[in-house]
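I am attaching a structure below and will ask some questions about it afterwards.
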Amino acid sequence: MGMAASQARYLALVARKSNCEYEGQQINQARTALSNQSANLFNQMLGLQVPVPPSTQDYTKTQYSYTDGLNDSTIGSWEQLAVPEEDYNYVVTHFYYTDVYTGSEKKMSDPQVQFNIGEAATLDEIEAAQVLLAETKEAYENAKKSVSDLREEAATLEKYVDTTTYNSITNSVYNDAAKSYTITNGTGAGATNSTFVNYTALADEGAKNTVKQAIQQLVDIGALNIDPENETDMNNLYYNSTDGTIAFSSDLRVLYNNSGNGSGTETACPVYHTQGQNSIATKTQNYDTAIKTAEGETVTALMAYNTAKAGFENLTRPTYIGNCELTLLTELDESQKAEIKQVVATMEEENINAKINDCFNPQGDYIGGVYEFKYNGVRYYTTYEDLYSSFLSGTGINNIDGQAKLSYYNASYVSTKIEETEKALIETDGAGRFTSIRFENDSMKYVLNMETVTDDAAYQDAMNQYYYENAKYDKTIQDINAKTSIIHQEDQQLELRLKQLDTEQKALSNEIDAVSSVVKDNVEKSFKTFGG
């Protein structure tokens, strides 16, 4: 190898070795930085506080309670008087829970209030049209019921029975020869006798025909089930020609009997009239006329109702909230009045400016404007003003989209904490346990019960917080371990590269030594040649 080439080779090797040393230094610095990161992560892990689950003991306390016969009360807190009084030694706060009837205002999102599009109308006009509709409907229903009642009366046997004529019978005698019953009404000078002759014993054919016609009319309307042409059936009938009444043998046989020749147990007898206002023919004719008159009144009432219904349906008015039908309350029943007035009272107590308050005058009388609807099976109320306001705020067809929230109201029983603080006289036993209490506003002394109670809700809240903190702790540990693993992998890669540089540096050192030896030999030979 020539001297110049050897020197160039030497310089190149020295430069490469220098580069290896520099890169090694950089790697060592990087590994130091990774080591510091790892140490920081380890210190961070050591600084974490391990979550500890709550103990039920932390949420358990001893409390005193008593009952006054109506409510179960609890002693919330007690503080001894700084200067004890003769009758009292503590200031006590006690409470109980009870259901209090409370009104509320709720807000319904996207109510989809719908109005019937028709003739523009004010609330007064809507109310008047609804009242007229209700009145005409009631008149129509009453007319229909009248027809139904008349038809039912016309077909009922009792309507053709008149027991007022024979309702104070004091005697009944049967004459076997004449086949007749003689019954006595009353006693003394005022007594009257009536004689009923068996149908088969009637000598007057006209009387027989009268009885037959009356019986046929009873059969025709379904009041009786006998055959007027059957002698056996007719044999059970008795006729009083004096007043034209018919009686059955079964009814005559059980009349009161003083003579001892009968089986009387009753003092009244049902009879059927064949003439006068109580006759079957007259009553049938009267009912036919009454039914026709009632049917005519029904038609007239239906026409009035249909006219009122058409007028009401043609008015622009609130009809639905979503799928919930609205009913305008023109008057309040007792249940509605109690609930709505409670809503108004609560709104006033809470200083809530609700529109339902405007539906009552200063005297508390209902003046209109409240609508009722059912939502998820519960009865609620809203007002015309609330409905109209939401409706106007909407867009799209019939303003149905994007409506503002709708106020609606109801009253319900809400569990409420009733609390009072007052002076009290508390007695204790020898161990310092409270045994009885008497309040300044109550002369009754109550026996105190001591019990250990756990605030389950607070304990569960603490457990939920523990679960959250524990999950967060586990997540932090996992993140630290993941970062540490990445640092470890990077350090291993740097360590491998450092070993490669060390091997390369050793090889370069050996090669430099060899080249240096060649250069040295060349120098020595050159001096010998030129130095002669």
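The values are calculated or read from the model by the stated rules, or taken from the named source; none is laboratory data. If you're wondering where the values come from, they're calculated on a predicted model, not measured in any experiment. Glycine also receives a Cβ, built like all others from the backbone with ideal geometry; neighbour counts cover every protein chain displayed. SASA here: full protein model, heavy atoms, side chains in, ligands and nucleic acids out. Shrake-Rupley method; radii C 1.70, N 1.55, O 1.52, S 1.80 Å.
How do the strands (runs of 3 or more DSSP E) wholly within the range 25-126 filter down when requiring 3 or more residues that are at negative phi and open to solvent by 40 Å² or more (accessible area, probe 1.4 Å): which remain? Spell out the reasoning first.
On the way: elements: 60-67, 72-80, 90-108, 113-116.
The strands (runs of 3 or more DSSP E) meeting that bar are 60-67, 72-80, 90-108.
Now, a different point. Hey, which of the strands (runs of 3 or more DSSP E) in the range 164-211, taking only ones fully inside, have at least 3 residues that are open to solvent by 30 Å² or more (accessible area, probe 1.4 Å) and of a type in the set (Val, Ile, Thr)?
192-198
If you check ALA201, ALA191, ALA207, ALA214, which single one turns out to be touching a residue at least 60 places away in the same chain (Cβ under 8 Å) and touching a strand residue (DSSP E or B) at 6+ places or on another chain (Cβ under 8 Å)?
The match here is ALA214.
OK, next. Please specify each residue of the range 314-329 satisfying the condition of being of a type outside the set (S, T, N, Q) and open to solvent by less than 90 Å² (accessible area, probe 1.4 Å).
Hits for the range 314-329 are LEU315, ARG317, PRO318, TYR320, ILE321, GLY322, CYS324, LEU326, LEU328, LEU329.
Another question, if that's okay. Which of the residues that make up the range 288-347 are charged (D, E, K, R), under 15 Å from GLU135 (Cα atoms) and without any contact (Cβ under 8 Å) to a residue 40 or more places away in the chain?
The answer is GLU331, and nothing else.
In addition: Would you tally the residues in the range 502-518 being in contact (Cβ under 8 Å) with a residue 40 or more places away in the chain and either acidic (Asp, Glu) or crowded, with 17+ Cβ neighbours inside 10 Å (or both)? Walk me through how you get there before you give the answer.
Initially, the range 502-518 is screened for residues in contact (Cβ under 8 Å) with a residue 40 or more places away in the chain, giving 502, 504-505, 508-509, 511-512, 515-516, 518.
Among the residues that remain, those that are also either acidic (Asp, Glu) or crowded, with 17+ Cβ neighbours inside 10 Å (or both) are: 502, 504-505, 508, 511-512, 515, 518.
Going through the range 502-518 one residue at a time, the tally reaches 8.
Sort through ASP227, ASP220 and tell me the only one that's at pLDDT below 90 and loosely packed, with under 14 Cβ neighbours inside 10 Å.
Matching residue, one of ASP227, ASP220: ASP220.
Give me the strands (runs of 3 or more DSSP E) completely within the range 330-447, filtered to those with at least 1 residues that are aromatic (Phe, Trp, Tyr), more than 30 Å from ASP87 (Cβ to Cβ) and open to solvent by 50 Å² or more (accessible area, probe 1.4 Å), ordered by residue number.
Of the strands (runs of 3 or more DSSP E) lying wholly inside the range 330-447, those with at least 1 residues that are aromatic (Phe, Trp, Tyr), more than 30 Å from ASP87 (Cβ to Cβ) and open to solvent by 50 Å² or more (accessible area, probe 1.4 Å) span 370-375, 406-428.
Now for a different question. Taking only the range 472-516 into account, find how many residues are under 30 Å from LEU11 (Cα atoms) and among the aliphatic types (A, V, I, L, M).
Within the range 472-516, residues that are under 30 Å from LEU11 (Cα atoms) and among the aliphatic types (A, V, I, L, M) number 9.
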